[in-house]
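Working notes, beginning with the structure itself.
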Amino acid sequence: GAVVSQHPSRVICKSGTSVKIECRSLDFQATTMFWYRQFPKQSLMLMATSNEGSKATYEQGVEKDKFLINHASLTLSTLTVTSAHPEDSSFYICSARERAKVTQYFGPGTRLLVL
Amino acid sequence: AQKVTQAQTEISVVEKEDVTLDCVYETRDTTYYLFWYKQPPSGELVFLIRRNSFDEQNEISGRYSWNFQKSTSSFNFTITASQVVDSAVYFCALSKDPAGGTSYGKLTFGQGTILTVHP
């Protein structure tokens, strides 16, 4: 149980385009989902927290207009990187947590490369 | 503010050696949760264990064991008889009690320890 998927696993795009990453909880209802960013050989940096049906809460320094998060259902959250630039290249990981539960389960991550 | 420190950046051992990964945390909360996650080269974080602040009982799961000591604010992880497949980055993390609100469930991660097990 507690499986989280992410799609795509890898994406290469041109500078200026937008990229959408999907995060799905496959066998549980995720009332809360988290989006992280990880640079090579570094720890995970929380970008935002989203509750189903509500607006996401962004961490300080994260541009909400740049990183659009939608959590429209209990099993799906999406992160859209708008007008991507090379500095947005990174490993993006989502996690999901069930209501009243403590543990977050992570997706396999999405490697984004912006040329 | 919460903080997690994993002082060991990299550890290299030979197969079958025991290895302990250190984790020290800081929090002002009385109720909190501690976690260990494993990140193999594929990138996915694998949940290993969770402990709440009221449960100091040590735990053993196969070759893995965890030592939680509130007196020293430490939550160390030991792998016995290490194997090559244990090679990964290991993260210790801390969260408040999610019952306090959505933001309380946010994880504060340590910097991670890169474990390399040589055959």
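The values are calculated or read from the model by the stated rules, or taken from the named source; none is laboratory data. Remember, it's a predicted structure, so these values are computed and weren't measured experimentally. Glycine also receives a Cβ, built like all others from the backbone with ideal geometry; neighbour counts cover every protein chain displayed. For the accessible areas, the whole protein counts, side chains as well, though only heavy atoms, and no ligand, DNA or RNA atoms are used. Shrake-Rupley method; radii C 1.70, N 1.55, O 1.52, S 1.80 Å.
Laid out as a table, the results:
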| read-out | value |
| --- | --- |
| Residues (closer than 18 Å to A:Thr49 by Cβ and open to solvent by less than 10 Å² (accessible area, probe 1.4 Å)) located in the stretch A:74-105 | A:Ser77, A:Leu79, A:Val81, A:Tyr92, A:Ile93, A:Cys94, A:Ser95, A:Ala96, A:Thr103, A:Gln104 |
| Within the stretch B:30-47, tally of residues that are among the polar types (S, T, N, Q), in a loop (DSSP other than H, G, I, E, B) and either buried (at least 19 other Cβ atoms within 10 Å of the Cβ) or in contact (Cβ under 8 Å) with a residue 60 or more places away in the chain (or both) | 1 |
| Lone qualifier among B:Gly105, B:Gly101 - being loosely packed, with under 14 Cβ neighbours inside 10 Å, modelled with pLDDT under 95 and within 14 Å of chain A (Cβ to nearest Cβ) | B:Gly101 |
| Residue match in the stretch A:96-108 (condition: more than 10 Å from chain B (Cβ to nearest Cβ) and closer than 23 Å to A:Cys13 by Cβ) | no |
| Of the criteria (1) within 14 Å of chain B (Cβ to nearest Cβ); (2) among the acidic types (Asp, Glu); (3) closer than 30 Å to B:Thr9 by Cβ, which one A:Glu52 fails | (3) |
| Of residues in the stretch A:35-46 being at pLDDT 95 or above and more than 9 Å from chain B (Cβ to nearest Cβ), the one most open to solvent (accessible area, probe 1.4 Å) | A:Arg37 |
| Any hit, the stretch A:107-115, residues being under 21 Å from A:Thr32 (Cβ atoms) and assigned to a strand (DSSP E or B) | yes |
| The stretch A:80-95: number of residues that are away from every other protein chain (no Cβ under 11 Å) and either at positive phi or assigned to a strand (DSSP E or B) (or both) | 4 |
| Flag if A:Ser18 is open to solvent by less than 50 Å² (accessible area, probe 1.4 Å) and under 16 Å from the mean Cα position of the chain (by Cα) | no |
| Residue in the stretch B:59-82 that is within 14 Å of chain A (Cβ to nearest Cβ) and without any contact (Cβ under 8 Å) to a residue 60 or more places away in the chain present | no |
| The stretch B:1-29, subset in contact with a Leu (Cβ under 6 Å, 6 or more places away or on another chain) and of a type outside the set (Val, Ile, Thr), residue most open to solvent (accessible area, probe 1.4 Å) | B:Gln2 |
| The stretch B:83-98 - residue that is open to solvent by 50 Å² or more (accessible area, probe 1.4 Å) and in contact (Cβ under 8 Å) with a residue 60 or more places away in the chain and, of those, nearest to the other protein chains (Cβ to nearest Cβ) | B:Lys96 |
